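What follows is one structure encoded as structure tokens, with my remarks underneath.
What follows is calculated from the coordinates using simple rules that are stated; it is not laboratory data. Since the structure is predicted, the reported quantities are computational estimates derived from the model, not experimental observations. Every residue, glycine among them, receives a Cβ derived from its backbone with ideal geometry; neighbour counts consider all protein chains shown.
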Amino acid sequence: MMTNFRNDSRIVMTLDAGGTNMVFGAMQYGEFIVEPITLPANAHDLDLCLKTMVDGFKAVRDQLDRMPAAISFAFPGPADYPNGIIGGYLPNFPSFRDGVALGPFLRKKFGIPVYINNDGDLFAYGEALGGILPDINERLELAGSSKRYKNLLGYTFGTGFGMGMIVNGMMNRGDNSCVETWCLPHAKRNDIIVEEGVSIRAVTRVYGELAGFPDHGLTPKDICDIADGVREGNVDAAKQAFAELGEIAGEAMATGVTLTDGLIVIGGGLSAASHHFMPSLLNALRGKISTLTGDTIDRVQMKVYDLDNEEEFTMFAKGSERKIKIYGSEIEVNYDPQKRIGVAVSKIGANMATSIGAYAFALDQLNKTY
């Protein structure tokens, strides 16, 4: 049973592990309780990097009025997350490529349990516990709908195309810590990965190609400003760059949501441009596909709604509910034949959702252990 983290007094130390900087903190009741401590990551040097982690967590611990119950954070993979071992091709942490028993190392240093997970998994888990999933279910209840959701796909649009999967309220870590989406094929070019179409580099590349200026030096924020008409540049190219991102992302999401049958939440830095990519993303999810007999079926077998659009949410909540009689009697029961899912942008942000996910995951594991 999942912990009600909002009512839990236990403290968990956290870490936002970036290749440039590491930000250390601590959470209690699902909120940060100390000022964040930022240190250079020193990701190129294993000795310095591990020393940074020890120094950072010690500095946080020294600010606490009690011993923390655990350490829990996200770290880039490949990894054997259940055993806390990081290793493989990590562009931002080259010193970890030969394999580092990071969890056991920190557990030995601090004498408390250490939990490490993929950031996409923790983002989805945080959204499932304290973000979009409870929010949508509460809105459904207020609208008088009997529909409730327990499954969620969380996607992050940023440096890469990350994903986390929640099934029946629980994080799906897979048998090999390898539930991924970035390595799916690109919808328009099957010879490259989908991340080449859904990432910061994708937006900048496509804009440069369409504008005829590949060395433009603009950021996605700059390109979004151009699309919004508040910065000079090629408006059509800017809008098309985000539209293509939405289309490619939507095709990949269609595969994921067909297998999980739940809601979708989007976070990450590029989600700020959702007004530019959401139409094409929804079009992809709502698209058609053909059979060899010439029949056309929906790409996703559930009706897809934009949950950030009030009119669409009203239709989503209403569904097709009606009453039917039990055979041979006059007794009526509610029946809603409409299969439906929805897409929304994170309201709490990827960083907070990931932190909540890390905090709640640690509490869940502690409850199982003790």
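Which one, GLY120, LEU285, TYR149, is farthest towards the positive end of the dipole of the chain when Lys and Arg carry +1 and Asp and Glu -1 on their Cβ?
TYR149
Taking the number of other C-beta atoms within 10 Å as the exposure measure, put GLU310, GLU332, GLU251 in order starting with the fewest.
Exposure proxy ranking, most exposed first: GLU310, GLU332, GLU251.
Suppose we keep just the DSSP beta bridges with both residues in the chain; what percent of those would be antiparallel, to 5?
The antiparallel fraction comes to roughly 60 percent.
For the pairs LYS51/LYS108; LYS147/LYS303; LYS188/LYS339; LYS150/LYS239, note any where the Cα-Cα span goes beyond 25 Å.
Pairs exceeding 25 Å: LYS188/LYS339; LYS150/LYS239.
Dipole of the chain, Cα-centred, from +1 at each Lys and Arg C-beta and -1 at each Asp and Glu C-beta, to the nearest 20 debye?
The dipole of the chain has a size of about 900 debye.
With n ≥ 4 as the cut-off for DSSP H runs, can you work out [θ] at 222 nm for the chain, using -39500 (n - 2.57) per run divided by the number of residues, rounded to the nearest 500? Before the final figure, lay out the partial values.
On the way: 10 runs with 136 residues, N = 370.
Using -39500 (n - 2.57) per qualifying helix, the result is -12000 deg cm²/dmol.
Identify the chymotrypsin sites (Phe, Trp or Tyr not before Pro) of segment 77-142 meeting these criteria: DSSP loop state and at most 12 other C-beta atoms within 10 Å of the C-beta.
Of the chymotrypsin sites (Phe, Trp or Tyr not before Pro), the ones in loops of segment 77-142 whose Cβ has at most 12 other Cβ atoms within 10 Å are TYR89.
Determine, for each peptide in 135-146, 355-366, the mean count of other beta carbons within 10 angstrom over its residues, then list the peptides with the highest first.
355-366, 135-146
Computed over the Cα atoms, what is the radius of gyration of segment 132-347 divided by 2.2 N^0.38 Å, N being its residue count? Show your work: numbers first, answer last.
Values: Rg = 19.5 Å, N = 216, 2.2 N^0.38 = 17.0 Å.
Rounded to two decimals, the normalised Rg is 1.15.
Could the peptides 149-158, 269-278, 164-173 be put in order, highest first, of the mean number of other beta-carbon atoms found within 10 Å of their residues?
149-158, 269-278, 164-173
Where does each of GLU247, GLU232, GLU321 land when they are ranked from fewest to most other beta-carbon atoms within 10 angstrom? It would help to have the intermediate numbers written out before the result.
Working: GLU247 20, GLU232 8, GLU321 15.
Fewest to most other Cβ atoms nearby, the residues stand as GLU232, GLU321, GLU247.
With bins 20 Å wide starting at 0, give me the P(r) of the chain over every alpha carbon pair, in whole percents.
Result returned by the calculation: 27, 54, 18, 1.
Using the Cα centre of segment 132-347 as the reference point, and only Cβ charges (+1 on K/R, -1 on D/E), how large is the resulting charge dipole? Debye, rounded to the nearest 20.
580
Let me spell out the model: positive unit charges on the Cβ of Lys and Arg, negative unit charges on the Cβ of Asp and Glu, origin at the Cα centre of segment 1-97. What dipole size does that give, in debye rounded to 20? Don't skip to the end; give the middle numbers.
Working: 7 positive and 10 negative charges, 31 e Å.
It comes to approximately 140 debye.
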